[in-house]
1. For a footprinting-style exposure proxy, rank 5, 15 by other Cβ within 10 Å, fewest first.
2. Within the set 210/242; 13/93; 128/154; 13/210; 13/70; 25/154, which residue pairs have Cα atoms separated by over 25 Å?
3. Quick one: which residues, 5 or more positions from residue 56 or on another chain, have an amide H under 5 Å from its amide H? H modelled 1.01 Å from N in the peptide plane, none for Pro or chain starts.
4. Which ³J(HN,Hα) values, rounded to whole Hz and listed in residue order, are derived for the range 30-41 from phi using the Karplus coefficients 6.51, -1.76 and 1.60 in 6.51 cos²θ - 1.76 cosθ + 1.60 with θ = phi - 60°, glycine and proline given as x?
5. Scale the Cα Rg of the range 132-227 by the rule-of-thumb value 2.2 N^0.38 Å and send over the ratio, two decimals.
6. Quick one: check the C-alpha center-to-center distance for the range 201-246 versus the range 41-112, whole angstrom.
7. In whole Hz and in residue order, list the ³J(HN,Hα) couplings for the range 245-254 that follow from phi through the Karplus curve 6.51 cos²θ - 1.76 cosθ + 1.60, θ = phi - 60°; x for Gly and Pro.
8. On full extension of the chain, what length is gained from residue 25 through residue 146, given 0.36 nm per residue of separation minus the C-alpha to C-alpha distance?
Amino acid sequence: MDFQHIIVTPGIKPHIALVQLNRPKELNALCLALMQELVSAIEALDQDEDIRCIVLTGNQRAFAAGADIKEMAGKGSIDMLKVDQFSNWERIKRCKTPIIAAVSGFALGGGCELSMLCDMIVASETAKFGQPEIKIGVMPGAGGTQRLTRAIGKARAMEMVLTGAFISAKEAYAAGLVNKVVPAELYLDAAFELAQSVAAMPPIAAQLAKESVLAAFNTSLDEGLVFERKNFYALFSTEDQKEGMKAFVEKRKPEWQGK
Ligand code: CAA
């Protein structure tokens, strides 16, 4: 895959793809062109049956410092409405393949929102998460008021959104925003390790399980339970269910077909 603002490596490890944001001089500011490429890459990887987990990362200094302020600075509200750039992010939300954000350095504004759009976050101890949009006269526009509040609760989300204050990786871990915090030099390895644990699972079950966990944010408990149950029953028409249960009974390791 040939892109200008991102580097995509399908199969960097067995069944794992790496997507790296690559505007280092701009701290990976998420300009329109970058987001367009990112959405296309994620959609293509989601269609690739060999890929069972995607790792999304930036570089040591920045995962991403937000939407591109220079690109937005001169715009009016009608321009913003017409381009409606953040609705494009919904296409990443529809990705069935689990996505892990490997975050080092700044994950601010749209960068924090992008990490939260992923299914899990592995953070370097240098990571800083924040929604500083208020400091430039606006507010989060790509999920920050919603996903952050759901992840860490009203009190802490409100403080971050209203003051623009950053939280450290350790604070993000304590608040339940990230899955693990590791030394700076290990964040990508730790993300791959987690990705390998996901990729070792039967992919259709992983996809339906992801879909069911995410449904918890949009449904009542009863609706969510019905949704979960139907996905559970649906898995009984996969070969991997037959193999998984047979292997358990035969006391051997299952061999997944992804069917
Ligand atoms: N957009 C465009 N360019 C950005 C940027 C952004 N979000 N963040 C950083 N850059 C650019 C800087 O302008 C600078 O470019 P030049 O060298 O050409 O001047 C370069 O990246 C390096 O940045 P700094 O010199 O500022 O580096 P620093 O180490 O002094 O500060 C920082 C780092 C604290 C992250 C600071 O750059 C910063 O505050 N960035 C903006 C963070 C922000 O407000 N993000 C929210 C954006 S709005 C948004 O995301 C809306 C939404 O909800 C989707």
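Each reported figure results from applying straightforward, stated rules to the coordinates on display, with no laboratory input. Note that the structure is predicted; figures quoted are calculated from it, not measured. Cβ atoms come from the backbone with ideal geometry, glycine included; neighbour counts cover every protein chain shown.
1. Numbers: 5 18, 15 22.
Placing the least packed residue first, the sequence is 5, 15.
2. On the way: 210/242 21 Å; 13/93 23 Å; 128/154 19 Å; 13/210 21 Å; 13/70 36 Å; 25/154 34 Å.
Those over the limit are 13/70; 25/154.
3. 19, 100, 101, 102
4. So the J values, rounded to whole Hz, are 8, 6, 4, 5, 4, 5, 4, 5, 4, 4, 4, 5.
5. Details: Rg = 16.6 Å, N = 96, 2.2 N^0.38 = 12.5 Å.
Computed over Cα atoms of the range 132-227, the ratio equals 1.33.
6. 26
7. 3J(HN,Hα) across the range 245-254, in whole Hz: 6, 5, 4, 4, 5, 7, 6, 9, 6, x.
8. Details: separation 121, 0.36 × 121 = 43.56 nm, distance 2.95 nm.
Contour length minus the Cα-Cα distance gives 40.6 nm.
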